[in-house]
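The values are calculated or read from the model by the stated rules, or taken from the named source; none is laboratory data. Keep in mind the model is a prediction, meaning the values are calculated, not measured. Quick reminder, even Gly has a Cβ in these numbers, built from the backbone with ideal geometry, and neighbours come from all protein chains shown.
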Amino acid sequence: MSDLDRAIAQLRACRPIPEAEVRELCHKARELLIEEGNVVTVTAPVTICGDIHGQFHDLMELFRVGGDVPDTNYLFMGDFVDRGFYSLESFLLLLCLKVRYPDRMTLIRGNHESRQITTVYGFYDECLRKYGSANVWRYCCDVFDYLALGAIVLGASNTLSPSGDGEAQGSEEDIEIEVCNADGQIMSQFPRQPRGAGNSINRQPPRGRSPNGPTRLPTNTGPPGSGASGSSGGSIGNPAGAVLCVHGGLSPLIDMVDKIRLLDRKQEVPHEGAMCDLLWSDPDEIDGWGLSPRGAGFLFGADIVKVFNYKNDLSLIARAHQLVMEGFKEMFDTSIVTVWSAPNYCYRCGNVAALLELSEDEGGLGIFARSNGDVNRSDGGLIGGGSGVPGSGPRGVLMENDLASLKPGPARRYRVFQAAPQDSRGMPAKKPVADYFL
Amino acid sequence: MMAQPVPHQTPDKKRVKVYELRNNDWFDRGTGFCTAAFVTIEDGQPKEPRVIVESEDHPDRLLLETKIVKDDGFQKQQDTLIVWTDNGVDMALSFQEADGCALIWKFIDGVQQTFQSVMGGPDDGLSDDIAIEMPAAIQLPAADLGTLCELESNMRIMSSTANGRDALTKAIMSDDYISKLIPLVEIAEDLESLPDLHRLCNIMKTVLLLNDTSIIEHAVSDDCVLGVVGALEYDPDFPSHKANHRQWLNSQGRYKEVVRIEDDQIRRKIHQTYRLQYLKDVVLARILDDPTFSVLNSLIFFNQVDIVQHLQNNSGFLNDLFSIFADPSEEQLRKKEAVLFIQQCCAIAKNLQPPARQNLYNNFLSHGLLRVINFGLRNLDVTVRVGATDILVSMIDHDPQMIRHTIYRQIQEKQQPLTDTLIDLLLVEVDLGIKSQVSDALKVLLDPTPPGGPPETRSEFIIGQPRGRPQVAIDPQQELFLTHFYEHSAVRLFKPLLDLEKRAELRFNVLHDGIFGYLNDILCFYIRQHQHRSKYFLLQHNIAQRFNRLLSCKEKHLQLVAIRFFRQLVVLQDDFYIKHLADKQILGPVLDVLLRTMPRDNLLCSACLDLFGLIYKENIKELIKHVVENYREKVMALSYIDTFREILSRYDQSQGFTAVVEPYFMEPEDEVGRRPMNAGARGGMMEHLTVEHQSHQEDYLNTSDDDDENHARPPNQALLSNGNNTTKPLVEYTSDEEGEDSGGDSVMTTGADQPLPDDHAKENQAPPTTPGSIAAVTPPPERLSEKRRREEDEDDPIDKLQYHKRRNSSVSSTNSAVSVGSTMGLRKKKAFGGSRDASPNRGGPKKIAISISSTIKSITAKSSTSANEDSGK
């Protein structure tokens, strides 16, 4: 174990570990990851992070702002590598921490965790440069294949935990969203409002609330509850509703979270299909599904998110994948949020980054039977039964008034931070090729 | 900054989009309003004719400000388009209205006419400058520490406009300003004046980012390079740091010369290229903009072309190089370096045009490259093995046929064929990189399809549909090669797998158990490619059982390998393999794995569920039957999972003939009979089928594969439950064959979506079998995925990647594929199309296509990336 701690220390200093150690680390990680389901269950409190993209020094800044491992329980939503100059150190450090503190660190796969993408966007070249061969890249790619595709956060509280500096804690108000700066000072707070009443942090006006309802909602099935209605499934001790974390977004092939569990994920990210969509899709201001300009995945609109959340008893989808200048962006009546954790992306975009903190439900109800490893299948067979049995159609019906009763999101604290101060890092630069013949 | 342009003669503002050609794609710079006018640039100077576009969103921002110059070659195309070249960049203005375009064009044309008349015809660039009174004669302040501040701000201002950049570039080159700046670095260092050093760094950055080829070439020349990178060591963004570029570039040891290159100019080019790479990767990496990046890349590329061309035509040099390997007394280090040298040559060659590359390889081969590869592959030093593998793979990437001929010759001459060397290497190699490259090589070399053809379609298909290539007919050499391989080498290759039978205990060394993954990969490829040979091999050596053994070892990743293999056999939907799986009782142990792991939700579980989900979705009744009949208890134990409950119920309902069929959904019996045998192939949308489907599948399950049985079967079993229509079905029996070639699942889908009253059924039989109507009623999600597949046909993700590689932020391209010249890229594209065309089914082949793409990708990853570097030039 001391070897691992030594490796962590070395990586924290932004120095790569020897190839043999990488191999060993990757083997250990594989043993660990193989035991994880395609959708890992994580219990709050948890700090959710978006893209890192090899910006090692900013990752260290992230740990400074969000708390160190294992004190803080982290969930990283993929895209650890490419673009930045320290993909190797960043990914290996996260992997080391995963192996060292498996329960305090969750890593899920992003679209950049792929052989094909990394050959083009820098990780391959970086490994080649730093080790003189692509072996380390291959070890890492093997680990990529084992990474989970998503995570479900359970037991998140409707109220925020104290943020540390005590300011504004006495407030009577029920705070739903709090934005802090890197030093923990509160920048803004938003009290909880009835769902759908609009929220000042929303950049989008509430949509699809015309008397006729959103256009794409299923209308061809029986009354709510005829399957098992969404709320009966997970309401036990899960007052805030679950949060689904995935790198990209939804897939037209996945209507239930449990369907994600049926994929054989150990493969290169395919060019199409459910697995591809989860890693590539983006929410967009459209109705229903649209073609993605990325050439993989889909665009999906507010109606899709709301129906999905309703059917799966989710209060929120957290995803990454898109640069947002403010670090985070809530959309569609706060039914989905983009979290971005690479400040000053590519060392020149000028954006800030953010973390999303979900606190633990203190009522003791936060612990939910569905833990990583054991199944929701035992009830999936009952609840989810509606979806699988041909004939019953999509489970439940989403009526207009159901949308209003969508689970309220958990209380969310965003910590916004900037790129690491210049002096804390060396000059970001790629390592040059040593010898040359030509 | 420059004064806001004062409209002189103001044509109406016209709404326009500004485009710039970047790497063969028109990049949208934004929408704005266009004006064309004479504008005052500096007091006292004559006004200049300019075209200006103000951003629509940010009126204070200019999208475009370009001076109308005679040789820019403004052209009006169609009614709304004006195109020209600005500093070597192709630009275009696309007007919303033809009127606006006409107005602007009138102005431009007028100005250009004036040029023509003043100059009186074509002229050189010099007089051009005079004619439009460009601020050619800008004077840079004398290079001196005292003027740095002024210089820095002047440069920043000038570099913000195209004209300023032009002028600056000319001034810097004509005054050799870089050489004047360089001494200042040392002076400032001596004075320890950090502010001056920071200014020098900024100035040097500005100079390099002017993005001018001659400036950059000058900057990396022997005289300047150390001074230039010296200035760049003091980056004001990192005030407390100093880079050590000079130290790095100055250490002479970095250049290795295996055989002396006599030509000074080539030697200089080699150094220059290295410096350019250093500049690109290290010094400027953080601040590079797209144009400078591509300028650096093209400089590097052209240098490399020159260098390689020079070397390969220099036979004295090649003789010296290759004779190193012939001399037994030569020291190992020199041989090693010679291998690495050739490796680097081959890496560069990937960027060359195919004929030039072919030339190089031919030259290498004729000088004895094979001996080098053989030497390298068996070398104890891992770097040498990596080098030799790289060399081999780059040649295979270029033209596998070339290597196959060699192997054929070796077989004829009773030498050990290269494939056997590769096999030996694969089995003992510890280096993961070599292993995976060798494994890829073993796939490509044994791919029986001709180069350029669709590598993954069945070989019968190739014979049937010649693609107009000379080697289309199956090459007798290739046949012999394959036969030889299966007779002699296959057992050798798959030995670790075959040995599993004898192993009492399944304990694996973590260093060596990776071999099963590779063998599985290779075998799956062979199964897809070598029809009868691989079937025979599988049968003869009981391969499925061997994989089955892996299920009982404790390493989960090895169990996964086995499940992957079985999945491949299922995906093919080949009766032989389906029967094989059933005969060998493979699925029982897989169920055991599931039962063993099931309380947990892990990767192994998902893989098993995926396998059974596939069997259910594709409705592989042979296996459904097999599983339920042989392992009913196990299936029952798992029936809390949807997949297994459905498998059970599908089997039971069809078995018991008790299915309740909704009356309105009743179809004439022949609908059942005419379903093609392989109708099961369908995508992942099966879950959405309704109960009506279900009953149909049950009927279908009862129909046997055999036509005779089909007829013999009680024809109206489905009718028993429904007395409504009694006689029609029998009448329609004749149409059995008609439906053979229609997609069976689609037929069913059609039926579900358009339930037919039974008395209309007869009239409506025909429409559901025509493909057109099938498409029309396919459920929406399916349509989506279809649509996307179509899109991929035009522009598949690989091309997308290449497109991105060229650092273009726009994503709306559709023509990016055009510039890809690599044959491998082409191959891959065809592989997509080919496999899709080859199969009448929808769902099944789609999955196969996925696995194809990953295989081919791994083979072509290198070549395709290099291809796009090529096209980026």
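Can we say A:VAL42 is away from every other protein chain (no Cβ under 11 Å) and closer than 22 Å to A:ARG261 by Cα? Here the answer is yes, as A:VAL42 does meet what is asked.
Yes or no, residue by residue, for (1) under 23 Å from A:ASN135 (Cα atoms); (2) in a helix (DSSP H, G or I); (3) at pLDDT 90 or above:
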site: B:ALA356; (1), (2), (3): no, yes, no
site: B:ASN362; (1), (2), (3): no, yes, no
site: B:LEU370; (1), (2), (3): no, yes, no
site: B:ASN374; (1), (2), (3): yes, yes, no
site: B:VAL384; (1), (2), (3): yes, yes, yes
site: B:GLN401; (1), (2), (3): no, yes, no
site: B:GLN415; (1), (2), (3): no, no, no
site: B:ILE423; (1), (2), (3): yes, yes, yes
site: B:ILE434; (1), (2), (3): yes, yes, no
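The set of residues in segment A:127-167 being modelled with pLDDT of 90 or more and under 30 Å from A:ARG415 (Cβ atoms) consists of A:CYS140, A:VAL143, A:PHE144, A:TYR146, A:LEU147, A:ALA148, A:LEU149, A:GLY150, A:ALA151, A:ILE152, A:VAL153, A:LEU154.
Meeting the requirement of 3 or more residues that are within 14 Å of chain A (Cβ to nearest Cβ), the helices (runs of 4 or more DSSP H) wholly within segment B:183-258 are B:194-209, B:245-250.
Close contacts from segment A:276-298, counting a first residue that is at negative phi and a second that is basic (Lys, Arg), with Cβ to Cβ under 7 Å and a gap of 6+ residues or different chains, come to A:LEU279/A:ARG109; A:TRP280/A:ARG294; A:ASP287/A:ARG216; A:LEU291/B:LYS787; A:LEU291/B:ARG788. Screening B:TYR640 with (1) of a type outside the set (S, T, N, Q); (2) assigned to a helix (DSSP H, G or I); (3) within 13 Å of chain A (Cβ to nearest Cβ); (4) without any contact (Cβ under 8 Å) to a residue 12 or more places away in the chain gives one miss only, at (2).
Looking at this structure, is B:ASP90 part of a loop (DSSP other than H, G, I, E, B) and of a type in the set (D, E, K, R)? Full working, then the answer.
Working: part of a loop (DSSP other than H, G, I, E, B): no; of a type in the set (D, E, K, R): yes.
No: the conditions fail for B:ASP90.
Taking first residues from segment A:335-357 that are under 22 Å from A:CYS245 (Cα atoms) and touching a residue at least 60 places away in the same chain (Cβ under 8 Å) and partners that are of a type in the set (D, E, K, R) and surrounded by fewer than 19 Cβ atoms within 10 Å (Cβ to Cβ), the Cβ contacts under 7 Å between residues at least 6 apart in sequence or on separate chains come to A:VAL352/A:GLU326. Screening segment A:347-370 for residues that are at pLDDT 80 or above and within 14 Å of another protein chain (Cβ to nearest Cβ) and picking the one that is nearest to A:ILE175 (Cα to Cα) gives A:GLY350. The residues in segment B:280-297 that are facing chain A (nearest Cβ under 10 Å), out of contact with any Pro (no Cβ under 7 Å at 6 or more places or on another chain) and part of a helix (DSSP H, G or I) can be counted, and the count is 2.
State whether the residues of segment B:87-104 include one that is closer than 16 Å to B:THR66 by Cβ, among the small types (Gly, Ala, Ser), modelled with pLDDT of 80 or more and touching a Phe, Trp or Tyr at 6+ places or on another chain (Cβ under 6 Å). Yes, segment B:87-104 contains a residue that is closer than 16 Å to B:THR66 by Cβ, among the small types (Gly, Ala, Ser), modelled with pLDDT of 80 or more and touching a Phe, Trp or Tyr at 6+ places or on another chain (Cβ under 6 Å).
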